[in-house]
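**Q** Here's a structure for you.
The values are calculated or read from the model by the stated rules, or taken from the named source; none is laboratory data. From a predicted model like this one, the values you see are computed outputs, not experimental measurements. Reconstructed Cβ throughout: ideal geometry from the backbone, glycine too, with neighbour counts over all protein chains shown.
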Amino acid sequence: MEINHLDDYNIELSNIWNHEKEIFLDGLQQKEQNRYFIDQEYNMIDLYHKAISLCLYYGKSYLTKAKSGNTYLEFQKIYKEKKSFKERINLGWFDFKGALYYLPQTIIIPREDEDFHFFFALKVDQYDVDVFKLDRFIGYQLEMNFDWDTTDLMVFLENLIVQYDFISKKVRKKLKNLIADIKKLPQPSPGEKESVSKISKTKRTLDRSYVLIASKTDPNHFIKNNRKFVNIFEQLREQDYIHKETSFTQFKTLFSENPVLPENRIHWTGKSVDLKAFIDYLCKNNKIEKPNSGIWKLTSQCFIDKNKKEFNPRKLGNSVPSNDTKLKIKKLLSIFP
């Protein structure tokens, strides 16, 4: 089985769903159902129900009875005909109160969610195939979900190991070693923690990505508006502004205040004037801050053109979008929170 997006360090539904689904369906093909498969079956049942809750709360439907009528009824009939759990898992979508939802939706699960620890355990267990990447994953989580609080992370990992027996022995051993290393670290005072947090935020601001102005007063702004950001992302793909293989994680990183690595830059398949109009709209409508290094230099570090070459900051900044181009971009970004 191939490594399943281990370089994506977010606790994200589609990543976890696709990985667990593959393991579950592979297990069904085995002649003997061992303890590992039984545990995996229980995990899949839990994941199925928890994924439905996430989709209803954070996600969006792709087909509704109100808008699609007979087409919706045809798909609803297919769903009702799938009686077994295996059939429902293979289907990959569900029906709820006149709407159909995909299960593997791109949803970043926030720390505040009551099932965050469950999804964290499933994600961390993926690193059984490559524990070398586990250090980076934990480091990323320390920054993004634990605000550099090593004690908080240590307690969380200790509870995680006790709570979830399905975490592999190899990963459990690695986590225990990490916990032991964390315990050896000198614990900063409350004042030092605040200082580290401020320094971290400053570094992220200077690193090659955009700063959402709304996130400065509400750190959970992106999470709270996840549906709108997913909608914008999907529109950009559908209208061929960005490459079809672009992931939501890549798009999210643009506004995370974290560095956009060269290999993760957005492949902009639209025209350069489209990108100019896109960034202009975000700046002029106070959606993003203007970076000290210059908005077009930053943009050239976050995007590559349709030929996978870097944009020239000066040419990009001097390009002049037509009124029609501006109107199309304005319509697309009208829901940008």
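**Q** If I go through segment 115-130 residue by residue, how many of them are more than 14 Å from Asp46 (Cα to Cα) and part of a helix (DSSP H, G or I)?
**A** 7
**Q** Continuing with the same structure: I'd like to know if segment 315-322 contains one or more residues that are closer than 20 Å to Val211 by Cβ, of a type outside the set (A, V, I, L, M, F, W, C) and surrounded by 14 or more Cβ atoms within 10 Å (Cβ to Cβ).
**A** yes
**Q** Something else about it: Could you count how many residues in segment 79-104 are hydrophobic (A, V, I, L, M, F, W, C) and farther than 25 Å from Gly27 by Cβ? Full working, then the answer.
**A** Residues of segment 79-104 hydrophobic (A, V, I, L, M, F, W, C): 85, 89, 91, 93-94, 96, 99-100, 103.
After this cut, where a residue has to be farther than 25 Å from Gly27 by Cβ as well, the list is 96, 99-100.
Qualifying residue count for the region: 3.
**Q** Right, another one. Select the helices (runs of 4 or more DSSP H) contained entirely in segment 1-114, then report the ones holding at least 1 residues which are over 26 Å from Gln141 (Cα atoms), touching a strand residue (DSSP E or B) at 6+ places or on another chain (Cβ under 6 Å) and modelled with pLDDT of 90 or more.
**A** So the answer is 70-81.
**Q** Got a sec? Which of Val260, Val320 is modelled with pLDDT under 95 and in contact with a Ser or Thr (Cβ under 6 Å, 6 or more places away or on another chain)?
**A** Val260
**Q** Shifting gears a bit: Checking Ala277 against (1) part of a helix (DSSP H, G or I); (2) within 19 Å of the chain's Cα centre (by Cα): exactly one of these is not met. Which one?
**A** (2)
**Q** To continue, here is another question. If we keep just the residues of segment 218-237 that are of a type outside the set (Asp, Glu), assigned to a loop (DSSP other than H, G, I, E, B) and closer than 13 Å to Pro337 by Cβ, which is modelled with the highest pLDDT?
**A** Of segment 218-237, the ones of a type outside the set (Asp, Glu) are 219-233, 235-237.
Okay, now just the ones that are also assigned to a loop (DSSP other than H, G, I, E, B), so 219-220, 225.
Now restrict to residues that are closer than 13 Å to Pro337 by Cβ: 220, 225.
Numbers: Asn220: 84, Asn225: 90.
Selected residue: Asn225.
**Q** Quick check on segment 288-303: of everything there that is surrounded by 18 or more Cβ atoms within 10 Å (Cβ to Cβ) and in contact with a strand residue (DSSP E or B) (Cβ under 9 Å, 6 or more places away or on another chain), which residue is farthest from Gln250 (Cα to Cα)?
**A** Filtering first and then ranking leaves Ile295.
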